[in-house]
Amino acid sequence: MKSTNVVKLAVDEKTHEKLRELGIITAKCWNEVNWLRMQQFKKGERVDFAKTEKEAYEKYKHVLKANAQQVARKNAENWRSFFSLIGEKKERNLPKWFKPRSPGYWRDESGKYKLIIVIRNDRYEVDENKRIIHLKDFNLTLGFKGKLKWRGKKGRLEIIYNEARRSWYAHIPVEVEILAKAILKGSFLGQFEFSHTLAHLSSAEPSQRS
């Protein structure tokens, strides 16, 4: 089972500008790989995820490092979801009014970028006691407010700027399937033992019950 911790980051002006720079470069990487795939799609060609990922990675790896690959893969997830919806539409499993939309660009009509920083799961560390997140490739340590609700194997980190609140938020996904299974197993065993006890009491002699 996957769950996501969302925490507000405590950043000063200098850190904000650093995150903003990374967000803009990430958006450019997203837009680049998205454009390449859009051209293939419009030409009726098969979208080559591996080739387009490599092109984007080679162009942005000098700044984003290994995380450039994650941007391309996140974009690929959106394209695959888009193709899946097209298939559902052809099978008439979707409402007539619904029209699948291809992945958009991380830049609006006014030219403002959508600020999302994507970090590979092994390129950051979270210290819950100190309440900090360290981004290895950028030698950047970010403080955060609040506590983590979910614990487990961490996934791809996304740091998102909320324009309305003028704040940065870290989205930390974790895999808690093992814990969930343990809880379910414990619940099942508890029910089994309870049922077994009731059955034993029901079959016991009156003298044994008192």
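We did not get these values from a lab; they are worked out from the coordinates using the rules stated. Keep in mind that this is a model prediction, so the values were computed, not measured. Methodologically, a virtual Cβ is constructed for each residue, glycine included, from the backbone with ideal geometry; neighbour enumeration extends over all protein chains shown.
Give the number of residues within region 125-179 that are surrounded by 13 or more Cβ atoms within 10 Å (Cβ to Cβ), of a type in the set (A, V, I, L, M, F, W, C) and more than 30 Å from residue 107 (Cα to Cα).
4
Please enumerate the residues belonging to region 58-114 that are over 19 Å from residue 33 (Cβ atoms) and aromatic (Phe, Trp, Tyr).
97, 98
Does residue 88 count as out of contact with any strand residue (DSSP E or B) (no Cβ under 7 Å at 6 or more places or on another chain), of a type in the set (D, E, K, R), more than 26 Å from residue 174 (Cα to Cα) and crowded, with 18+ Cβ neighbours inside 10 Å?
Values: out of contact with any strand residue (DSSP E or B) (no Cβ under 7 Å at 6 or more places or on another chain): yes; of a type in the set (D, E, K, R): yes; more than 26 Å from residue 174 (Cα to Cα): yes; crowded, with 18+ Cβ neighbours inside 10 Å: no.
When the stated conditions are applied, residue 88 does not pass them.
When you look at residue 101, is it surrounded by fewer than 12 Cβ atoms within 10 Å (Cβ to Cβ), free of Cβ contacts under 8 Å to residues at least 12 places away in the same chain and not hydrophobic (A, V, I, L, M, F, W, C), yes or no? Step through it out loud before you land on a result.
Numbers: surrounded by fewer than 12 Cβ atoms within 10 Å (Cβ to Cβ): yes; free of Cβ contacts under 8 Å to residues at least 12 places away in the same chain: no; not hydrophobic (A, V, I, L, M, F, W, C): yes.
No.
Give me the residue from region 109-125 that is of a type in the set (A, V, I, L, M, F, W, C) and in contact (Cβ under 8 Å) with a residue 60 or more places away in the chain and, out of that set, nearest to residue 142 (Cα to Cα).
Let us first name the residues in region 109-125 that are of a type in the set (A, V, I, L, M, F, W, C), namely 115-119.
Then keep just the ones that are in contact (Cβ under 8 Å) with a residue 60 or more places away in the chain; that gives 115-118.
Details: 115: 16, 116: 15, 117: 13, 118: 15 Å.
The qualifying residue nearest to residue 142 (Cα to Cα) is 117.
Return a yes/no flag: does region 20-40 have any residue that is of a type in the set (Lys, Arg) and buried (at least 17 other Cβ atoms within 10 Å of the Cβ). I'd like the intermediate steps shown before the answer.
Our first condition is that a residue be of a type in the set (Lys, Arg); within region 20-40, this holds for 20, 28, 37.
Still in the running and buried (at least 17 other Cβ atoms within 10 Å of the Cβ): 28, 37.
Scanning region 20-40 turns up at least one residue that is of a type in the set (Lys, Arg) and buried (at least 17 other Cβ atoms within 10 Å of the Cβ).
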